[in-house]
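Asks: My structure is below; once you've seen it, I'll send some questions.
Just so it is clear, none of the values below were taken in a lab; they were calculated from the coordinates. Since this is a predicted model, take the numbers as computed values, not measurements. Cβ coordinates were reconstructed from backbone atoms using ideal geometry, including for glycine residues, and neighbour counts include every protein chain displayed.
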């Protein structure tokens, strides 16, 4: 019998259609592997093909030349423009503003053949530090209300360049799904005087059935009401609202948790296309007791993705208990840690 | 300069990235065309390959035999089960219920080679009558709160069978995006004492820039803040909350409006995969002044669909004014009407 489950934060219901149960091998997506680096603008020697770098961690070399390990550049085709003042206007029943914002690309490694999953933990940690540095810099800009950090891995997940990278978009508004999470978490806090995410983490660590892995600082789990098969969330154990204000000691263990998750999913799901999204508190929100930053991982395994956009209603053929078990039991080397 | 626009009903912001402007030919999706009908369960003579029919409009023949023009059957692999009582349960911070619901398939024509766009208007009207008949029947069932009707056309839109059909899902809950629309429309009604959709229709008919076509009873337009390129909505001109209680005179003109839109999009976008979603009022809602039923059309043209799921934030490379102009000026025969 299928089950209807409600996400306790947003109130979104999903169908867990266990009658249509799918095993990892049933999805059989095209594995994502880099093909060639012909004239890739993210490779060493091609630094002039991107706009000048905003930030780079480098052992040697001048800016915009080889020698870097992580490099941040403006998006060459930005969705938003960085220059100008916000201009809010009405148009009858409608509201608009000019598209002010920042759109940056975080190039995670100079090595075209690598994926984030395959990078050494130390390099993944550097990517996280780059996220933090850019967020701390951009949050000084009064025009911005939210900074979105996400990764599209593989063409099916929306990546237009195969060289591994993440993106950052700073926005003068708070995206709706973030606002919904914040509102849901606040309602819970007002009622219980506890963070709902902390309660979820506690309950999951006791029940154990949806836990994928854990280390000293992070817990990786399948959410109770996932929209997609093998959707997985990574939470810091200690309550924190803002990723960019996270305790520095966290970054090493977050890098380990990410590497562990991506290694497991690459093993179980045969290197699927995926999206990672960092869910952090809106920049100007002070109510830091209610929201708890985390990372959401969503592999692109199914195409039953049409009407969900029109309805906000999801049918998921893999239960999170089953997904967590596959990921937990994946044969990963000890070297991966966690 | 890109523009940030807010959907006045849900409050969702989208980026209209006109700097990345895309013309219809830039999308270049694989055109959706039926291939073969080998052993298609929706063709004449194969009626026994589906569960027994719930409804059929037929000029001749016994139930579950050829002779029908529209046929409704239970989904062979239903996402929800029709038998049993609702059983609501808690599990710590979580809530669930058993997956009670109906999942039906509306086979729109026996002709495997046809698409909904190519059917004669009269046949499209029959499909709409079938939607209505099933909704009127299922709304008698006290367990249901919402009836979702949608169409996935083409593999990229989630269709698993190519023979043209729609689906119906009756649910014991109201999907979140419907609830959001209803709440948004109610807030507006409380403030203005007017239906927000009626106000939108009035403003659009005056401005004319986003109107695609209109007839006596329906208006087809590009919404102000569309999530997707060429997203298009069809509204009844007169205020009605429930599709299934729509005035019978509407059905002929709605069929014409749908045929007109699909012919235009097939022409301009080269037969793209698409989703149609009927947005009607929740079954048990009585506040019929605020919500206004309509149909949403979403072609699947872009793959920049990854992080949108994680954020509810959309970047649309085609402005609705431009999309409406292409569709309005599409060379369609007079026979299409409207």
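Asks: How big is the Kirkwood radius of segment A:177-244, worked out from every pair of different alpha carbons and given in Å to one decimal?
Replies: 12.9
Asks: Roughly how crowded by other chains is peptide A:144-150, in terms of the mean Cβ count from those chains within 10 Å of each of its Cβ atoms?
Replies: Other-chain Cβ atoms within 10 Å of each residue's Cβ, averaged: 2.
Asks: At q = 0.18 Å⁻¹, what base-10 log of I(q)/I(0) does the Debye formula yield for segment A:101-206 when every alpha carbon is treated as an equal point scatterer in vacuo?
Replies: -1.04
Asks: Viscosity 0.692 mPa s, temperature 37 °C: Stokes-Einstein D of the protein assembly as shown from its Kirkwood Cα radius, in µm² per second?
Replies: Answer, rounded: 125 µm²/s.
Asks: For a bin width of 10 Å, list the pair-distance distribution of segment A:266-305 built from all Cα-Cα distances, rounded to whole %.
Replies: 23, 36, 22, 18, 1
Asks: I've got another one for you. What is the order of B:95, A:7, A:26, fewest Cβ neighbours within 10 Å to most?
Replies: Taking fewest neighbouring Cβ atoms as first place, the list is A:26, B:95, A:7.
Asks: In whole Å, largest first, what are the principal axis extents of the Cα atoms in segment A:2-58?
Replies: 54, 31, 18
Asks: Would you compute the Debye intensity of segment A:1-114 from its alpha-carbon atoms alone, equal scatterers and no solvent, and pass along log10 I(q)/I(0) at q = 0.14, 0.18 Å⁻¹ to two decimals?
Replies: One equal scatterer on each Cα of segment A:1-114 leads to -0.85, -0.91.
Asks: Checking a compactness column here: for segment B:31-170, what do you get for Rg(Cα) / (2.2 N^0.38 Å), N being the number of residues?
Replies: Dividing the Cα Rg of segment B:31-170 by 2.2 N^0.38 Å gives 1.15.
Asks: Also: Provide a whole-number value for the mean count of partner chain Cβ atoms within 10 Å of the Cβ atoms in peptide A:4-14.
Replies: Counting other chains' Cβ atoms within 10 Å and averaging over A:4-14 gives 5.
Asks: Using the C-alpha atoms of segment A:141-294, what convex hull volume per residue, in cubic angstrom, is computed?
Replies: Value for segment A:141-294: 134 Å³ per residue.
Asks: Additional query: So what is the 222 nm mean residue ellipticity for chain B from helices alone, if each DSSP H run of at least 4 adds -39500 (n - 2.57) and you divide by all residues, rounding to the nearest 500 deg cm²/dmol?
Replies: Theoretical 222 nm ellipticity from helices: -8000 deg cm²/dmol.
Asks: Dividing the convex hull volume of the alpha carbon atoms of segment A:54-129 by its residue count, what do you get in Å³ per residue?
Replies: 142
Asks: Still on this structure, I have one more. Provide the descending list of Cα extents for chain B along its principal axes, expressed in whole angstroms.
Replies: 59, 53, 40 Å, listed from the longest principal axis down.
Asks: If the label for residue B:161 sits 7 angstrom from Cα along the Cα-to-Cβ line, what are its distances to the same label in every other copy, in nm to one decimal, shortest first?
Replies: 4.6
Asks: Give me the orientation-averaged projected area of the Cα convex hull of segment A:213-299, in nm², one decimal.
Replies: On the way: hull surface 23.7 nm².
That works out to 5.9 nm².
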